[in-house]
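Written below as structure tokens is the structure these notes are about.
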Amino acid sequence: MAEPAIQPPRTWGHTVVHTACPLDCPDCCSLAVTIERGKVIKIDGSTVAPSTDGYICGKVRRFDRRIYSDERIQHPAIRKGPKGRGDFQRITWDEALDLVAQKMRDAAERYGAESVLPFYYGGSNGLLTNELEDARLFRRFGASRLARTVCAAPTTAAASAIYGKMAGVAYEDYELAKLIIVWGANPSATGIHLVPHIKRAQQAGAKLVVIDPRRTPLARQADLYLGVKPGTDLPVALSLIRAFFETGRADAAFLRDHTTGAADLQQLAAPWTFERAAAEAGLAVQDIVTLFNWYADTSPAVIRAGWGQERKRNGGAATMAMLALPALAGEFGVRGGGYTLSNSAAYGITQETLVNTPAPNTRTINMNRLGHALTEVNDPPITVLFTYNCNPLATMPDQNVVRRGLEREDLFTVAFEQVMTDTARYADLLLPATTFFEHYDIAKGYGAYHLQLVRPVIDAVGEARPNHEVFRDLGARLGLAEPDTDLLGESGALLETAARMPEAARAALLEGAPPPIPGHGRPIQFVDVFPKTSDQRAHLCPHDLVTTSSAYAYQADPASETYPLALISPASEKTISSTLSEFRPGIASVKIHPEDASRRAIADGDQVRIFNARGEVHCQAAVTPEVRPGVLSLPKGLWTRSTINGQTANALAPDTLSDMGAGACFNDARVQVTLLDRN
Ligand code: SF4
């Protein structure tokens, strides 16, 4: 296979280089990066990916702040002070990798290889730096496996169960919809390139409905806004399903020809009248009735299903019920009708094919229970924690227990990171990682349909190295793989990976061919794409779920008299994950409704204490009707520096798991809030 056509600059001068953004975001923007004297001086959107349309978000426009940050980890270093203080002493790469190999060998000898836990996520990484060479290494070693469930696990389980992760409606086709329902998503912050299409649809007369506990920017422009209580999307969706059957407006022909389980679904939805759902969700009955009538009467209608509804106990069932609606309404088979969730499975690329190394039958640790795993699991205990592509102290539930685990003196923690994160401060060993401006990667959009090559546009900063190089080198030191000097090179891992991809995907990646999506990148569901279930039908009540009685089962709100308020932690325009949260200025604000604030004599700008039995967060109050009564909202992805006492929303989040996919239940945090100086 030939080298990719466009090579990164290695000469000094002023040039514009095209690459792509792999950060955790549905859009997969194409980027034009201006380089001067070997440094990034400007980052802009390009039109290489048409949906980018020349503009990008503010986060990546200023990504150079991270590349050249004072907090950038530039060389391997070993801890020299107490854990958490962040004091390190420089060592060489050889010393560092020898040490990791020795610690892993020692752990395996004393406790077994499962006492080593790789801890990682892939949200801000493409196919090359996420579960590839790392997976090969840790599988061969026999380490504990990680269930990567912090995000998208319930929605993935739900979409897989019903449609086998069918490709969704393309952004462009939203302009043809006459009704758009944005449910559990805030595209103004996460997926900004969908917004202009929605606005153009509105200008052409389409109605917009937003369902979200927060009055998001799109909610403010919506024809109908349903400010549901967190965790009650399921009753609302079930009441719509019930109404389709009760009123005889369900598309009987579609249900007969393209689905299974409609009768079971009808039975399960039967108890959910509009009145009961409205009472549970804190909505006006008439608003749900209006939503039903609009949805039943309008075509094409599209649902943009997000991830907000999944971050709680009912997350999987809620998503299944939302996704069942287009089948009942007969909204498939027409351009601009159907749904969009994640399109990540649309490219015909499976990670298993790329990894090409069998997974051992070792134990699996759910990442949402990291604190528990570090402090309570003894069979065997985790003694080597290798973190990369993530910042678990900032991002995992039950933060104070995670911190206690990281403080263990008998735990050897590696942080393979770009900058000094909260987690890196607790590491025993730091390894410097390249950013996506310094290595090859493969980015695929999960909203916009793009498969793009991420190219290094500058030389690595300091001694930073890319993932594939480090894991391959470590594997060689452990005797698990022969070093292949070709593949250690700049593009070797890329070409090896591309060779394992289906031909159409490979051509899109290396030769700029269109992405391998049916319907010329604008698939019509049930015309160009069909469910990837065994019979190509939508399984409205997947058999295994129905027989275990867990399908569409509603679990009531966990609020109590002591902790009556729901704390949610949604993504914001500044952070979708914790990446780049280091640049949030000052102390974060918790949004609180005026009624809840007044009841507690809290004024805008006051310092407050949000607490429950797991921890407490000291921050500022922002009194605003943007959140509904009974709900507090603190941004997702905060680092500990963003609050007065170094705890974030995740200190209050339980490590319980969702109904499907064993996902995180961040938004099941129930809390109380008071003025800080009263305590
Ligand atoms: S984070 Fe999203 S909007 Fe921002 S540049 Fe990357 S893909 Fe585009």
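The values are calculated or read from the model by the stated rules, or taken from the named source; none is laboratory data. Everything numeric here is computed off the predicted structure, so don't read it as measured data. Virtual Cβ from ideal backbone geometry, glycine too; neighbours counted across all protein chains shown. Each accessible area value is taken on the protein alone, full model and side chains, heavy atoms only, with ligands, DNA and RNA left out. Shrake-Rupley method; radii C 1.70, N 1.55, O 1.52, S 1.80 Å.
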### Message
Looking only at the stretch 572-602, filter to residues that are among the acidic types (D, E) and at pLDDT 95 or above; which one of those is surrounded by the most Cβ atoms within 10 Å (Cβ to Cβ)?
### Response
D596
#### Entry: Members of the stretch 644-667 that are in contact with an Asp or Glu (Cβ under 9 Å, 6 or more places away or on another chain) and without any contact (Cβ under 8 Å) to a residue 60 or more places away in the chain
N645, G646
### Summary
The number of residues in the stretch 448-466 that are under 21 Å from E131 (Cβ atoms) and either within 14 Å of the ligand (Cβ to nearest atom) or touching a Gly at 6+ places or on another chain (Cβ under 6 Å) (or both) is 4
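Under the condition of being surrounded by fewer than 24 Cβ atoms within 10 Å (Cβ to Cβ) and either closer than 19 Å to H450 by Cα or of a type outside the set (S, T, N, Q) (or both), which residue from the stretch 158-169 is farthest from the ligand (Cβ to nearest atom)?
Filtering the stretch 158-169 for residues that are surrounded by fewer than 24 Cβ atoms within 10 Å (Cβ to Cβ) and either closer than 19 Å to H450 by Cα or of a type outside the set (S, T, N, Q) (or both), the one farthest from the ligand (Cβ to nearest atom) comes out as G164.
A quick yes/no check of all residues on (1) touching a residue at least 40 places away in the same chain (Cβ under 8 Å); (2) crowded, with 18+ Cβ neighbours inside 10 Å; (3) small (G, A, S):
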| position | (1), (2), (3) |
| --- | --- |
| G338 | yes, yes, yes |
| L341 | yes, yes, no |
| A346 | yes, yes, yes |
| I349 | yes, yes, no |
| P358 | yes, no, no |
| I365 | yes, yes, no |
| G371 | yes, yes, yes |
### Query
Counting only residues that are in contact with a Lys or Arg (Cβ under 8 Å, 6 or more places away or on another chain) and open to solvent by 30 Å² or more (accessible area, probe 1.4 Å), how many does the stretch 658-673 have?
1
## Note on the structure
In the stretch 373-394, residues that are in contact (Cβ under 8 Å) with a residue 60 or more places away in the chain and either acidic (D, E) or closer than 19 Å to K83 by Cβ (or both) total 14
### Query
Across the stretch 329-353, what is the total count of residues that are within 25 Å of A262 (Cβ to Cβ), among the hydrophobic types (A, V, I, L, M, F, W, C) and either in a loop (DSSP other than H, G, I, E, B) or over 20 Å from the mean Cα position of the chain (by Cα) (or both)?
4
### Task
Could you check how many residues of the stretch 219-250 are part of a loop (DSSP other than H, G, I, E, B), in contact with a Leu (Cβ under 7 Å, 6 or more places away or on another chain) and closer than 21 Å to Q266 by Cα?
1
#### Entry: Options F138, F119: the member that is among the aromatic types (F, W, Y) and assigned to a helix (DSSP H, G or I)
F138
### Query
Which fully enclosed strands (runs of 3 or more DSSP E) of the stretch 20-100 have 2 or more residues being within 14 Å of the ligand (Cβ to nearest atom), of a type in the set (G, A, S) and open to solvent by less than 50 Å² (accessible area, probe 1.4 Å)?
30-36
## Note on the structure
If we ask which residues in the stretch 170-210 are open to solvent by less than 10 Å² (accessible area, probe 1.4 Å), within 16 Å of the ligand (Cβ to nearest atom), part of a helix (DSSP H, G or I) and out of contact with any Leu (no Cβ under 9 Å at 6 or more places or on another chain), their number turns out to be 2
### Query
If you scan the stretch 171-207, which residues turn out to be touching a His at 6+ places or on another chain (Cβ under 9 Å) and farther than 21 Å from L291 by Cβ?
Y171, E172, D173, E175
#### Entry: Criterion: touching a Lys or Arg at 6+ places or on another chain (Cβ under 6 Å), part of a helix (DSSP H, G or I) and open to solvent by 20 Å² or more (accessible area, probe 1.4 Å) - qualifying residue of A296, A279, A263, A253
A296
## Note on the structure
Those residues of the stretch 603-632 which are open to solvent by 10 Å² or more (accessible area, probe 1.4 Å) and of a type in the set (A, V, I, L, M, F, W, C) amount to A603, F611, A613, A622, V623
### Task
Could you please tell me which pairs satisfy a Cβ distance under 7 Å, a separation of 6+ or placement on different chains, a first residue in the stretch 103-120 that is at pLDDT below 95, and a second residue that is not in a strand (DSSP E or B)?
none
### Summary
When the stretch 641-659 is checked residue by residue, the ones that are in contact with a Ser or Thr (Cβ under 8 Å, 6 or more places away or on another chain) and part of a loop (DSSP other than H, G, I, E, B) are G646, Q647, T648, A653, D659
### Message
Conditions first: (1) within 23 Å of the chain's Cα centre (by Cα); (2) crowded, with 24+ Cβ neighbours inside 10 Å; (3) modelled with pLDDT of 95 or more; (4) closer than 30 Å to R363 by Cα. G126 passes all but one, so which condition is the exception?
### Response
(3)
### Summary
Taking the stretch 399-414 and the residues there that are of a type in the set (S, T, N, Q) and farther than 17 Å from P381 by Cβ, the one that is surrounded by the fewest Cβ atoms within 10 Å (Cβ to Cβ) would be N400
### Task
Answer yes if at least one residue in the stretch 625-640 is in a loop (DSSP other than H, G, I, E, B), without any contact (Cβ under 8 Å) to a residue 24 or more places away in the chain and not acidic (D, E), and no otherwise.
no
#### Entry: Residue that is surrounded by the fewest Cβ atoms within 10 Å (Cβ to Cβ), among those in the stretch 300-319 that are part of a helix (DSSP H, G or I) and touching a Ser or Thr at 6+ places or on another chain (Cβ under 9 Å)
A317
